[in-house]
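Trainee: One structure follows; several queries about it will come next.
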Amino acid sequence: MKLDNRLNAMTVDVEDYFQVSAFEDVIAKDSWDSQQLRVGKNTHRLLDLFAEHNVKSTFFTLGWVAKRCPDVIKRIVNEGHELASHGLEHQRATTMSRSQFDKDVYESKAILEDVSGTAVKGYRAPSFSVNDTNTWVYEVLAEQGFVYSSSTYPIVHDLYGVPDWPRFKHQRDEGIIEIPIPTIRKKEANVGIGGGGFYRLYPYWLSKKRILAFMENETAPYSFYFHPWEIDPEQPYVNDAKWRSKFRHYINLSRMESKIEMLLKDFNWGSMYDVYIK
């Protein structure tokens, strides 16, 4: 029995363990092709899990991954999930000029559409890297035919965050719908409850309590995000990374798949487009 009747959005940011922002200082992009590729196997496992629970999801996918794992892309689409863009090579939007971002998103969208044979309507910036310094991102997305973005997390965080931005879906003046990662209000501050590292860190009962608090206080749908590498405790260990980066990346990897399964059982899930746009 589901704990709430509303349809919520399940999302997966499709990137491999060596492409995360936390390791960008120790794993060079020109070495990516020599790394052990695990994203294909892990994403297939997620697709199996979603099929078992009759769940549809949005897969925000790197163009780099799509070129190397076309079988994954075709399966995502063939099984009724939404394919969306996560950029080309997981470069944060805040580190690019407008022209660089335009090229990055164009190439990613072209690869995804070519491999899948479907139109890509959604975008998520790597590491939620949209803020007051680069709102031109939305102009570029609109120019390239995107419908929505899910690129902001309205919390205080050392790596990202726009705590003063809207907490819920809103229409931007540039013509793009922005769908922020969910938060709850606690002591006059936004607390992140949208998934990722926070979800791995906390016990499931606490995450569930916070999700239910969101649902009790808000009429908006809830959305959740995570990555294929988060269900892979056997991935290579990046010893040269900083201590904090390693803690954030490796904490509770062995527990993540079972916690995802509990989430799938307790709530109703669909794609971002079906939940927020359709």
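Every number in this text was worked out from the coordinates using simple rules, so none of it is lab data. Given the structure is predicted, the values throughout are model-derived calculations rather than measurements. Positions of Cβ are generated from backbone atoms using ideal geometry, with glycine treated the same way; all protein chains shown enter the neighbour counts.
Trainee: Add -39500 (n - 2.57) for each DSSP H run of 4 or more in the chain, then divide by its residues: what number comes out at 222 nm, to the nearest 500 deg cm²/dmol?
Mentor: Values: 9 runs with 98 residues, N = 278.
Calculated mean residue ellipticity at 222 nm is -10500 deg cm²/dmol.
Trainee: Let me ask another. Residues with amide H under 5 Å of SER85's amide H, sequence separation 5 or more or different chain, H placed in the peptide plane at 1.01 Å from N; which?
Mentor: THR61, GLY122, TYR123, ARG124
Trainee: Now, a different point. Sort LEU3, LEU264 so that the residue with the fewest other Cβ atoms within 10 Å of its own Cβ comes first and the one with the most comes last.
Mentor: Fewest-to-most Cβ neighbours within 10 Å comes out as LEU3, LEU264.
Trainee: Another question, then. Going by how many other beta carbons lie within 10 Å of each one, how would you line up LEU206, LEU141, fewest first?
Mentor: LEU206, LEU141
Trainee: Moving on. Could you please rank GLU178, GLU139, GLU216, placing first whichever residue has the fewest other Cβ atoms within 10 Å of its Cβ?
Mentor: GLU216, GLU139, GLU178
Trainee: May I ask you to list the lysines whose Cα is less than 18 Å away from that of LYS56, ignoring any residue fewer than eight positions away on the same chain?
Mentor: Answer for LYS56, where 18 Å is the Cα cut-off: LYS2, LYS74, LYS121, LYS259, LYS265, LYS278, listed by chain and number.
Trainee: Taking amide H atoms as placed 1.01 Å from N in the peptide plane, list the residues 5 or more away in sequence, or in a different chain, whose amide H sits under 5 Å from that of SER223.
Mentor: Under 5 Å from the amide H of SER223 lie the amide H atoms of ALA9, each far enough along the sequence or on another chain.
Trainee: A further question on this structure: Relative contact order of the chain: what whole-number percent is it, with Cα pairs under 8 angstrom and at least 6 residues apart? Each step should come with its number before you reach the end.
Mentor: Working: 502 pairs, mean separation 73.3, N = 278.
Relative contact order for the chain comes out at 26 percent.
Trainee: Hey, what do the phi angles of the stretch 49-60 turn into as Karplus ³J(HN,Hα) couplings, whole Hz, using 6.51/-1.76/1.60 and θ = phi - 60°, x for Gly and Pro?
Mentor: Couplings: 5, 5, 5, 4, 10, 6, 10, 9, 9, 9, 10, 7 Hz.
Trainee: HN-Hα J couplings of the stretch 31-43 from phi, Karplus 6.51/-1.76/1.60, θ = phi - 60°, integer Hz, Gly and Pro as x?
Mentor: Residue by residue, the stretch 31-43 yields 9, 4, 5, 9, 7, 6, 7, 10, 5, x, 4, 5, 5 Hz.
Trainee: For an R0 of 41 angstrom, estimate the FRET efficiency from the Cβ-Cβ distance between THR135 and MET1 and round to the nearest 0.05.
Mentor: Plugging the Cβ-Cβ distance into 1/(1 + (r/R0)^6) gives 0.45.
Trainee: Output wanted: per-residue J couplings in Hz (rounded whole) for the stretch 96-102, from phi through Karplus 6.51 cos²θ - 1.76 cosθ + 1.60, θ = phi - 60°, x for Gly and Pro.
Mentor: 10, 6, 4, 5, 5, 5, 4
Trainee: What is the distance in Å between the Cα centres of the stretch 35-73 and the stretch 235-278?
Mentor: Using only Cα atoms, the two centres lie 13 Å from each other.
Trainee: Also: Any idea what the dipole of the stretch 7-277 comes to, in debye rounded to 20, about its Cα centre with Lys/Arg Cβ at +1 and Asp/Glu Cβ at -1? Mind dumping the intermediate values first?
Mentor: Numbers: 32 positive and 37 negative charges, 172 e Å.
With Lys and Arg at +1 and Asp and Glu at -1, about 820 debye.
Trainee: Rounded, prolate or oblate, given the Cα gyration tensor of the chain, with a/c below 1.5 counting as rounded?
Mentor: Note, shape of the chain comes out rounded.
Trainee: In the chain, with Lys and Arg counted as +1 and Asp and Glu as -1 at Cβ, which of these residues, TYR276, LEU7, ILE73, has the Cα nearest the positive end of the dipole, that is, farthest along it?
Mentor: LEU7
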